[in-house]
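Enquirer: Quick one: the structure is below, and I'll ask about it shortly.
The values are calculated or read from the model by the stated rules, or taken from the named source; none is laboratory data. Values in this document were obtained by computation on a predicted structure and should not be read as measured data. In this analysis, Cβ positions are derived from the backbone assuming ideal geometry, glycine residues included, and neighbour counts consider all displayed protein chains. Ligands, DNA and RNA are excluded from the accessible area calculation, which covers all protein heavy atoms including side chains. Shrake-Rupley method; radii C 1.70, N 1.55, O 1.52, S 1.80 Å.
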Amino acid sequence: MASLNLVQILNGLTLAALLFIVASGFTLIFGLLRIVNLAHGALYLFGGYIGYSVTLGTGNFVLGLVASMLFVAFLGLIIDQGLLRFVRGFVLREVLLTLGVAFVLNDIALVIWGGDTFSVQIPAMLRGAVRFAGIYYPTYRLFVLGLGILVFIALWLLLNRTRLGALIRAGVDDAEMVEAMGINIRRVFLATSMLGASLAGLGGTIGGAFLTLYPTADSEILVFSLAIVIIGGSGSLVGAAVGALLVGMLNTIGQVMFPELAYFVIFGPMAAILAFRPLGLFGRA
Amino acid sequence: MSSTVSAIQRSALGFVLVLVIFGTLPLVVSSYQMSIANEILIFALLAMSIDVLAGYAGRTSLGHGALFGISTYVVIYWTSVYGGSAWVGCLLGVVVATLVAAIFAAFAVRVSGVYFLLLTLALGMIVWGVCLRWTSITGGENGIRGVGRPDLIASPTAFYYATLAVVLLMTFLIWRFVRSPFGLTLRGIRDSESRMRSLGYGTSAHMFVAFTVTGFFAGVAGALYALFNNFVSPSTVQLSQSVEGLLMAIIGGIGTLFGSFIGAAAIIMLENFVSAYTARWQMVLGVMFIVTMIFAPQGILGTLRMLLIRKR
């Protein structure tokens, strides 16, 4: 049994940063629209593949990032306007419908990109390692950590300091009331669902560069996102951050101590949270 | 009480139909078609186990495919890696699946509605993840190959009738279960948990037992599948297994039990048909799910029943 060192702690933190980016979109959609988007993992994978192809084609990582975000936001728009509108209000049908969407998206991705493992090309600027505190650590992973913090701050500002954010927060609490005040809540819903989807796309490209992309990557990300939302509570940004930190760190600790059963470790906190706070740490009924 | 009698008559009709149709099939179809019918029986049992929770307790589970697969894993591991007897293996498989179901249930009783779905989904996927990564035990993606069936049920026809007998027995048990006072309480919980609780029913205890019992049935189906398929890999426990089972229950009509046979037949025949032409079964499955959710959430039987009621 190896003990944790600084590198492993950083690995856990960077994984947590990525998971936060993906799960924040998931929890926003869940909290506001009350839709559990089970296609979120598939959107992550699709975004990753798009990011991979665009980065490979243009040689520009930023372009890959933007393309994956835009494309997946567009997918989110199609899912919301093209499919979910027909089952609006039936929670279970909505959830199961997104599950069907996940199957279709995954299979389309399999047709287009095949079953091989890909890795998004990292720009030259972020390659190599940084030396500090006596260790060498990959620059790219530090970039991911920074980006995760940046996304957290940006989302926090968006939610707490802008009109859209105020509407979203009001919608989480009582969507009907917001509508009664003369605001088109549907437009706020649509903006949120596209924002949430684009975060999945962003996560796909970012994650695709260090976790690689392969046909079952979507399921793994979806389980992490589910665990994070169950731990953190739906619709809570802080909950998603705390959940991501817990899951990211535990997963890394699990991989160090029992490599084959790492997956099992996230089971623990989920169970404990459910036993004492069924709605999650920061969840509200 | 006339409605009760007619309900019993209807169920009796269901039993007789399943017995006659599936009992005479081997006399008229090819051995390939018989193996498909065999698979239909096994998955109908899985679909029924999901249907008990979804239709009678109002909880949609996406974890029963994993319980099913755990049983399959245990049977194959016991017979091929450990070299034990298949009968003991089946017993062990069902016991382990039931125990895991009890663990799932201990968490699942805490939540309801969409959270229940999420939780069972997450739990099932953890099982999948463990099966995929724990290569020293499960063989990872390569899976484990079985050693074949015991002599008594080695021939496809013998195994087919054995499956039919087991599935019919289980169907009867499930039917008894949902029609018992316990099953009525479950329906009460489905309709209003808070009211049942205020009436003094231990709703959590009821849900715990119901989940564990359905896990037992999923485990029996999984053990049969181990004997049928003679091979297990993470795809046996993956999400699409639960999804297929749920889709079968939904297409057959939630809360109809015998609809599960129709749903299983529809999905498995379609899967075999589609697989003959294209490798895109997952896409077809996804599209079917989307279409069912939009147009026929009551399933085939349910939609027919609604049409009938409307005509009257």
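Enquirer: Residue check, B:GLY148 against (1) of a type outside the set (S, T, N, Q); (2) within 12 Å of chain A (Cβ to nearest Cβ); (3) over 22 Å from the mean Cα position of the chain (by Cα), all met but one. Which one?
Expert: Among (1) of a type outside the set (S, T, N, Q); (2) within 12 Å of chain A (Cβ to nearest Cβ); (3) over 22 Å from the mean Cα position of the chain (by Cα), the lone unmet condition for B:GLY148 is (2).
Enquirer: Follow-up. All but one of (1) in contact (Cβ under 8 Å) with a residue 40 or more places away in the chain; (2) within 23 Å of the chain's Cα centre (by Cα) hold for A:LEU158, so report the exception by its number.
Expert: (1)
Enquirer: Out of A:ALA166, A:ALA175, report the one residue that is surrounded by fewer than 17 Cβ atoms within 10 Å (Cβ to Cβ) and more than 14 Å from chain B (Cβ to nearest Cβ).
Expert: A:ALA166
Enquirer: A:VAL101 fails exactly one of the following numbered conditions: (1) at the interface with chain B (Cβ under 10 Å from one of its Cβ atoms); (2) free of Cβ contacts under 8 Å to residues at least 60 places away in the same chain. What is the number of that condition?
Expert: With (1) at the interface with chain B (Cβ under 10 Å from one of its Cβ atoms); (2) free of Cβ contacts under 8 Å to residues at least 60 places away in the same chain applied to A:VAL101, the lone miss is (2).
Enquirer: Looking at (1) open to solvent by less than 10 Å² (accessible area, probe 1.4 Å); (2) aromatic (Phe, Trp, Tyr); (3) within 14 Å of another protein chain (Cβ to nearest Cβ), which is the only condition B:TYR115 fails?
Expert: Tallying (1) open to solvent by less than 10 Å² (accessible area, probe 1.4 Å); (2) aromatic (Phe, Trp, Tyr); (3) within 14 Å of another protein chain (Cβ to nearest Cβ), B:TYR115 fails exactly one: (1).
Enquirer: Scan the stretch A:19-30 and tell me whether some residue there is in contact with a Gly (Cβ under 9 Å, 6 or more places away or on another chain), within 22 Å of A:GLN81 (Cβ to Cβ), among the β-branched types (Val, Ile, Thr) and touching a residue at least 12 places away in the same chain (Cβ under 8 Å).
Expert: Taking every residue of the stretch A:19-30 in turn, at least one turns out to be in contact with a Gly (Cβ under 9 Å, 6 or more places away or on another chain), within 22 Å of A:GLN81 (Cβ to Cβ), among the β-branched types (Val, Ile, Thr) and touching a residue at least 12 places away in the same chain (Cβ under 8 Å).
Enquirer: Is at least one residue of the stretch A:85-92 touching a Lys or Arg at 6+ places or on another chain (Cβ under 7 Å) and open to solvent by 10 Å² or more (accessible area, probe 1.4 Å)?
Expert: Yes - at least one qualifying residue is present in the stretch A:85-92.
Enquirer: Return the only residue of A:ILE108, A:ILE122, A:ILE112 being over 19 Å from the mean Cα position of the chain (by Cα), open to solvent by 30 Å² or more (accessible area, probe 1.4 Å), closer than 19 Å to B:VAL243 by Cα and in the same structural domain as A:VAL188 (by TED's automatic domain parsing).
Expert: Result: A:ILE108 is the single residue among A:ILE108, A:ILE122, A:ILE112 that is over 19 Å from the mean Cα position of the chain (by Cα), open to solvent by 30 Å² or more (accessible area, probe 1.4 Å), closer than 19 Å to B:VAL243 by Cα and in the same structural domain as A:VAL188 (by TED's automatic domain parsing).
Enquirer: Sort through A:GLY233, A:GLY196 and tell me the only one that's open to solvent by less than 20 Å² (accessible area, probe 1.4 Å) and either outside the structural domain of A:ALA170 (by TED's automatic domain parsing) or over 11 Å from the mean Cα position of the chain (by Cα) (or both).
Expert: A:GLY233
Enquirer: Where in the stretch A:192-285 are the helices (runs of 4 or more DSSP H), entirely inside, with at least 2 residues that are under 20 Å from A:THR27 (Cβ atoms), among the small types (Gly, Ala, Ser) and more than 9 Å from chain B (Cβ to nearest Cβ)? Steps first, answer last, please.
Expert: Working: elements: A:217-232, A:237-257, A:262-265, A:267-276.
By residue number, A:217-232, A:237-257.
Enquirer: Does at least one position in the stretch A:67-90 carry a residue that is free of Cβ contacts under 8 Å to residues at least 40 places away in the same chain and over 22 Å from A:LEU33 (Cβ atoms)?
Expert: yes
Enquirer: To continue, here is another question. It is to be established whether one or more residues within the stretch A:107-114 are out of contact with any helix residue (DSSP H, G or I) (no Cβ under 8 Å at 6 or more places or on another chain), in contact (Cβ under 8 Å) with a residue 24 or more places away in the chain and assigned to a loop (DSSP other than H, G, I, E, B).
Expert: The answer is no; no qualifying residue exists.
Enquirer: With the stretch B:29-110 as the region, which helices (runs of 4 or more DSSP H) entirely inside it contain at least 2 residues that are open to solvent by 20 Å² or more (accessible area, probe 1.4 Å) and not β-branched (Val, Ile, Thr)?
Expert: B:31-51, B:86-108
Enquirer: If I ask for residues that are under 12 Å from B:PHE258 (Cβ atoms), open to solvent by 70 Å² or more (accessible area, probe 1.4 Å) and free of Cβ contacts under 8 Å to residues at least 60 places away in the same chain, which ones from the stretch B:12-28 would you list?
Expert: B:LEU13, B:VAL16, B:ILE21
Enquirer: Would you mind telling me which numbered condition in (1) out of contact with any Gly (no Cβ under 6 Å at 6 or more places or on another chain); (2) within 17 Å of B:VAL114 (Cα to Cα); (3) modelled with pLDDT under 90 A:SER234 fails?
Expert: For A:SER234, the exception is condition (1).
Enquirer: Residues that are of a type outside the set (S, T, N, Q) and surrounded by fewer than 22 Cβ atoms within 10 Å (Cβ to Cβ), at least 2 per element: which helices (runs of 4 or more DSSP H) completely within the stretch B:219-290 meet that?
Expert: Counting at least 2 such residues, we get B:259-277.
Enquirer: Considering A:ASN106, A:ASN60, which residue is in contact with a Gly (Cβ under 9 Å, 6 or more places away or on another chain) and at pLDDT below 95?
Expert: Going through A:ASN106, A:ASN60 in turn, just one is in contact with a Gly (Cβ under 9 Å, 6 or more places away or on another chain) and at pLDDT below 95: A:ASN106.
Enquirer: Could you please let me know if B:VAL213 is assigned to a helix (DSSP H, G or I), surrounded by 22 or more Cβ atoms within 10 Å (Cβ to Cβ) and among the hydrophobic types (A, V, I, L, M, F, W, C)?
Expert: no
Enquirer: Here's another thing I want to ask about it. State all residues of the stretch B:276-301 that are more than 13 Å from chain A (Cβ to nearest Cβ) and either more than 19 Å from the chain's Cα centre (by Cα) or aromatic (Phe, Trp, Tyr) (or both); if no residue qualifies, say none.
Expert: Within the stretch B:276-301, B:ALA276, B:TYR277 meet the criteria.
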